[in-house]
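The values are calculated or read from the model by the stated rules, or taken from the named source; none is laboratory data. All figures in this text were calculated on a predicted structure; none of them were measured in a lab. FYI the Cβ positions are ideal-geometry reconstructions off the backbone, even for glycines, and counts take in every protein chain you see. The area values use the complete protein model at the heavy-atom level, side chains included, leaving out ligands, DNA and RNA. Shrake-Rupley method; radii C 1.70, N 1.55, O 1.52, S 1.80 Å.
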Amino acid sequence: MSIRMVVAGGTGVVGRHVVEQARAAGHDVVPLSRSSGQDVVAGTGLAEALAGADVVIDVTSTSTASAKASVAFFRAATENLLAAEQAAGVGHHVALSIVGIDGETSGYYAGKVVQEQVLAAGPVPWTLLRATQFHELVPQLLGRLTFGPVAVVPEMRTAPIAAAEVATALVRLAEGAPRGRVADLGGPEEARLADLARRWSVAGGQRRRVVQVPLPGGSGRRMRDGSLLPAPGADRGRQTFAEWLADRRPGQR
Ligand SMILES: NC(=O)c1ccc[n+]([C@@H]2O[C@H](COP(=O)([O-])OP(=O)(O)OC[C@H]3O[C@@H](n4cnc5c(N)ncnc54)[C@H](OP(=O)(O)O)[C@@H]3O)[C@@H](O)[C@H]2O)c1
């Protein structure tokens, strides 16, 4: 059955896949982001975009590492979306969060914790999926953290997953009834972020030196100590980092 899905953050790394896969499945898909005139933080353009929607998938994000800025972003985005959904009669909000962030008060993860709290206390029936880091996070971070010939990445244990597989899960959840928190979704194998960054650089013919640094605070500790890895019983994606890397065309590296 075709339904009307609004994808907030539909131009982002995972959002692009959500939009593409939802359209391929025959749904009526409305991507929403600042580039198409809607702002979830300011709350502008939401009423028009949500008119007639059955479900909203929220995959918006901010690139900040500041807890204050992340909390401000995710609180405002979630509150504004939920209010607009309630006004428009939307009966299902699907959100994407991150494995292992429970109770974190530092860095970007602090905002994700608040997003989950606002969602759970909000007026719209919801589904929450937590996933591990995307394979795509490696080039995303290298783009921000490369300084001349050196890239500085956080010391991190991760079980990365293809954003496309996370999108598949989100579309499937959006097609169903609200389920609250569902099983976590992790990638098929564990790696160190710095090793992934080196493999990405070699595959792209880039001679950068990758240095890993322990980040301070609770977020940094979680990255190092395995807290962000999927627990036994989590659902697991199939595509390994190596397979994902092999699929990239040279221009995508
Ligand atoms: N990246 C990971 O490894 C990972 C892992 C697990 C979970 N997640 C979660 O997945 C979600 C998506 O992450 P991502 O990496 O795909 O994000 P991303 O690539 O940074 O994309 C963010 C999206 O949000 C939109 N956006 C940003 N500010 C906005 C605003 N004020 N109003 C409306 N739209 C706005 C952006 O479009 P415009 O710039 O045009 O507005 C873009 O479409 C996040 O909630 C993140 O926490 C990410």
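Things to note:
- What the phi angles of segment 37-45 give under the Karplus curve with 6.51, -1.76 and 1.60, with θ = phi - 60°, is a coupling list of x, 10, 10, 6, 7, 7, x, 8, x Hz, glycine and proline written as x.
- In the full protein context, segment 4-252 carries 43 Å² of accessible surface per residue, based on a 1.4 Å probe and ignoring ligands, DNA and RNA.
- Charge sum, other residues only, whose C-beta stays under 11 Å from Phe74's C-beta, Lys/Arg counted +1 and Asp/Glu -1: -1
- Full extension of the segment from Arg75 to Arg236, taken as 0.36 nm per residue of separation minus the current Cα-Cα distance, would add 55.1 nm.
- Taking Glu165, Glu190, Glu136 and ordering them by how much accessible surface each has at a 1.4 Å probe, largest first, produces Glu190, Glu165, Glu136.
- The accessible surface of the chain, taken with every protein chain in place and a 1.4 Å probe, is 52 percent carbon and sulfur.
- Across the protein chains, with a 1.4 Å probe defining accessible surface, the residues Leu50, Leu137 rank Leu137, Leu50 from largest area downward.
- Counted residue by residue at 0.36 nm each, then reduced by the alpha carbon distance between them, the extension gain from Gln206 to Arg144 reaches 20.8 nm.
- Rg(Cα)/(2.2 N^0.38 Å) for segment 4-252, N = residue count: 0.99
- Once the C-beta distance of Arg179 and Glu20 is scaled by a Förster radius of 30 Å, the resulting FRET efficiency is 0.80 to the nearest 0.05.
- Using a probe of 1.4 Å on the protein chains alone, the accessible area found for Arg16 is around 140 Å².
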